[in-house]
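Input: a single structure, listed below in structure tokens.
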Amino acid sequence: MISGVQTYRSIWISDVHLGTRGCKAEFLLDFLKNTESDYLYLVGDMIDGWRLKRSWYWPQAHNDVVQKLLRKARKGTKVVYVPGNHDEFARDYVDFHFGDVEVVDEAVHTMLDGRRFLVLHGDQFDGVVQYAKWLAHLGDHAYTLALGVNHWFNWARRKLGYPYWSLSAYLKHRVKNAVQFIARFEEAMADMAAKRGVEGVICGHIHHPEIRQFPEVCYANDGDWVESCSALVEHADGRLEIIYWAEARQLSLFEKMPAGADAVPV
């Protein structure tokens, strides 16, 4: 179990989906309060503009996350925001600074060992989002059902003394078509990074945390804060690792979650 403030060289988080009931804002707040880093990358879909356009949902915990991020930037952490498809409105403000947070379309991060990693959300390599956005929105309904089942599944786990575990994430990654999509996405990202001449790529978007070494580049996905509650970190010695925060902290905050959960499509 992780206890005390953890210090890293770099942290990447994405797919928080503030503005939805499915967002695990309390888990993320605990993470932000108990970690420090020189660099903090917000790799897209921090705010869910799709959902907020349909109905407004913004509890205090979501506001606290924003305030905590701004406070880290004020205190010296280099915070870089790379918008995604759900917060694509922020792409209109690329190269602007908001409260010491830099907004960019993509970034290049240099690891301690000198390797350069391209940092971007990844929706540019998702054909459904790019060419059939209506289909991405249609996926809302199935995901809503999965997250609803996930709520009651975790209610039972809490009664039995077990920590939070994402049934919806497990089911999604067991479905053959989803597994094939993830593999193709990872391969496309790695191929793009190799062509760009960098040694690695870091992204979000598909809600699937992963570190995978390809022949020419390293692919890393930091996951999400709807299902996995994960972050990608670079340790002080340069090692990359995915931290599953709810598991690492043995958090039992599920009783604070609302009874329903909004869909959060990729």
Residue order, fewest to most surrounding Cβ atoms within 10 angstrom, among ASP30, ASP15: ASP30, ASP15
Karplus-derived HN-Hα couplings along the stretch 226-242 (A = 6.51, B = -1.76, C = 1.60, θ = phi - 60°), whole Hz, x at Gly and Pro: 10, 10, 7, 6, 10, 9, 9, 10, 10, 6, 4, 8, x, 5, 9, 8, 9
Other-chain or far-sequence residues with amide H under 5 Å of THR35's (modelled H): GLN6
Label-point separation, GLN60 to LEU112 (7 Å along Cα→Cβ), nm: 3.9
Spin-label model distance (nm) - LYS159 vs ARG71, 7 Å beyond Cα toward Cβ: 3.6
Förster radius 25 Å - calculated FRET efficiency between ALA194 and ASP95, Cβ distance, rounded to 0.05: 0.40
Residue-wise HN-Hα coupling along the stretch 24-29, computed from phi with Karplus coefficients 6.51, -1.76, 1.60 (Hz; x: Gly, Pro): 8, 5, 5, 4, 5, 4
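Bear in mind that the values in this text are calculations on the coordinates, not laboratory data. Owing to the predicted nature of the structure, the values given are computational and were not obtained by experimental measurement. As a convention, Cβ positions derive from the backbone with ideal geometry for all residues, glycine included, and neighbour counts pool all protein chains shown.
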